[in-house]
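Here's the structure we're looking at; comments come further down.
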Amino acid sequence: MHGRTGLTLLGSTCDSLRKAPKYRKDEHMSTIEKSIEVNVPEYTAYAQWTRFEEFPQFIEGVKEVKRNGKRLHWKAEIAGQDKEWDAEITEETADQRIAWRSQDGAITGWVLTFHQLSNARSKVMVELEYDLQGLPEIKGEALRAASSNLQGDLERFKVLVEKRWRPAGRETIFDIAVGKTY
């Protein structure tokens, strides 16, 4: 927790991802899309991202996420207030894609996809869906700030997963978990 006001669920700005954010809007919904390239195979990136209990290590504001089957229980600090909510995993394809939805709060959906770029490099793409009715003050500048925060979360994810992964020839906990050997 960094004590910032406003939406603190997601992290800080990151120079390596300074692309114009993509927004898809309808009357009450907005979607932010971001991606990052990481120096690990896609199955390693997927394995790290699905370790929900470790979200507090790279998603700013998240205090705890517990998984029980397809259910996720979140605890986070948002706009200086402690919040809790539940989400349900709606899609899970090992090493490729995971998605979940929440009925409560401003962030109503996450979709992550993992793409192989080479044997030891991959791209993680994230799509967050915001319900502007759930947090009416998140318009314009606040939505751009949320996009920048997501960039920071992705950069922290990159540091975390790359620190844990070892180059080919050295198995990691992720390799063992998904049955990959070299």
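Any chance the range 71-81 includes a residue that's surrounded by 15 or more Cβ atoms within 10 Å (Cβ to Cβ), at pLDDT 75 or above, hydrophobic (A, V, I, L, M, F, W, C) and at positive phi? Yes, the range 71-81 contains at least one residue that is surrounded by 15 or more Cβ atoms within 10 Å (Cβ to Cβ), at pLDDT 75 or above, hydrophobic (A, V, I, L, M, F, W, C) and at positive phi. Only residues that are of a type in the set (Ser, Thr, Tyr), within 21 Å of residue 41 (Cα to Cα), at pLDDT 75 or above and not in a strand (DSSP E or B) were counted in the range 120-174, giving 0. Checking residue 1 against (1) crowded, with 16+ Cβ neighbours inside 10 Å; (2) modelled with pLDDT under 95, only one condition comes out false. Which one? Only one criterion in (1) crowded, with 16+ Cβ neighbours inside 10 Å; (2) modelled with pLDDT under 95 is unmet by residue 1, namely (1).
Scanning the range 75-90 for residues that are in contact with a Lys or Arg (Cβ under 8 Å, 6 or more places away or on another chain) and free of Cβ contacts under 8 Å to residues at least 40 places away in the same chain yields a count of 9.
The values are calculated or read from the model by the stated rules, or taken from the named source; none is laboratory data. None of the values given here were measured: they were computed from a predicted structure. Here the Cβ is made from the backbone with ideal geometry for all residues, glycine too, and neighbour counts use every protein chain on show.
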